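What follows is one structure encoded as structure tokens, with my remarks underneath.
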Amino acid sequence: MHSLVPNGDDAEEGSVQRSKLGRWMSEKPLLQAVLLAQGLSLLLCLMGVTSGVLAERGINAATTQSLLNYILLALVCGTIHASRHNWRWPNGRNTWYVYMLLALMDVEANFIVTKAYQYTSITSVTLLDCFTIPAVMALSWLVLRAHYGVGHLLGAVMCCLGLGVLVLTDRQSETGGPNTLLGDSLVLFGATVYAVCNVTQERLLHDTSKWELLASVSMFGTLFSGLQALLLEHNAWAGHAPDWRAGLALAGFALSLFCFSILLPSVLVLGGSAVLNLSLLTSDLWAAGARAAFFGGFGGTAPYFAVAFVLEALGIALYTMAGETRSPRLTDGCPGDGAQGVHAPQRVPSHDRDIEQEDKSMEAEQEGRAGERASLLSAASGAGISVGVAIEGRQS
């Protein structure tokens, strides 16, 4: 009878195979980014489903939904960041207003896109996010000096063609939503603001710990979303009796967005903003299944949705076949938290050494980058808050 306990040779061979697999994966940062982004795709769909449930029950509190996420991020990421520095909050590598403007844009982007679920379908909100791709490409070219070839451009065009088919289809669909044109426009604007946020985060993660980034942004995000919820949504829950389904949907949205926010910086470091948004298009399949299961199907327009999905799939294939587009700025070893295992594999992870290195280089680098980042962030911050207030005014 064979022994169920592996002998030493078998155990050693298995250990070697796992080691080889680990080394192979460590040499494939793009593959890691794509695989990790599939988890983000599922989380994105869960956010859409829970937002749709709340909208169907007449609860329109987009900022309140995001507020819970910012509170969780501030508590968890703030604790981790402080514990890594002996429970002292260190001076950040970036000035405070950089994080403040980034938080403002993030709050308004979440608000605008969450509002869109009240006017258009869950599938449209998910598919229209592909507009983030050309926006990210343009910003990466301008800010990060990324280089794109013909294949990258054709892939983005194909994704936009799928977007056009979707908008035309949704306007004819009986289940597309009460005001599909407004809803689709909100998603497009929110996708643009998201693009600015993603590229800015990618730039900041070049030399900033993701825990510092998430903790700082979430603290300002808690402040902004709390004030906005108090001003614009104080009556959103007043007319609704306690409902466990609504509470469960709200908790599900907050937890999904929390996990999404935690994982997103790692994908940005491993693959970049364009790879992130291209990979997230796989959430369209999850969204289509959710719409068929929970939100009344496709209203006789399923073939058009299939055409839109195929166009986007072809766009992703063209973009992927065109090869890497990593910016020259981000290919060198950098002190960012997530980047050390990808672009600087020889670095020994020592917290004390990291802190000492950060302190020495922070003052010399801070002034030169502050102006560049602030100019990028301020471009969309004012537009985001004004559109958010305008939407609430329209409803009232």
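Condition first: over 27 Å from Leu144 (Cα atoms), buried (at least 24 other Cβ atoms within 10 Å of the Cβ) and among the hydroxyl-bearing types (Ser, Thr, Tyr). Now tell me which residues in the range 177-228 satisfy that. Of everything in the range 177-228, just one residue is over 27 Å from Leu144 (Cα atoms), buried (at least 24 other Cβ atoms within 10 Å of the Cβ) and among the hydroxyl-bearing types (Ser, Thr, Tyr), namely Ser225.
Annotation: of all residues in the range 89-112 being of a type in the set (A, V, I, L, M, F, W, C) and out of contact with any Ser or Thr (no Cβ under 9 Å at 6 or more places or on another chain), the one that is modelled with the highest pLDDT is Ile112. Please note which helices (runs of 4 or more DSSP H) are completely contained in the range 167-286 and include at least 3 residues that are at pLDDT 80 or above and under 16 Å from Ser124 (Cα atoms). Filter on the range 167-286 gives 180-204.
Based on what the data block shows, is Leu68 in contact with a helix residue (DSSP H, G or I) (Cβ under 7 Å, 6 or more places away or on another chain), among the aliphatic types (A, V, I, L, M), surrounded by fewer than 24 Cβ atoms within 10 Å (Cβ to Cβ) and over 19 Å from Val187 (Cβ atoms)? So Leu68 fits the description; yes. Does Leu46 satisfy the condition of being modelled with pLDDT of 80 or more and not in a loop (DSSP other than H, G, I, E, B)? In short, yes.
The values are calculated or read from the model by the stated rules, or taken from the named source; none is laboratory data. Please read all numbers here as calculations on a predicted model, not as lab measurements. Reconstructed Cβ throughout: ideal geometry from the backbone, glycine too, with neighbour counts over all protein chains shown.
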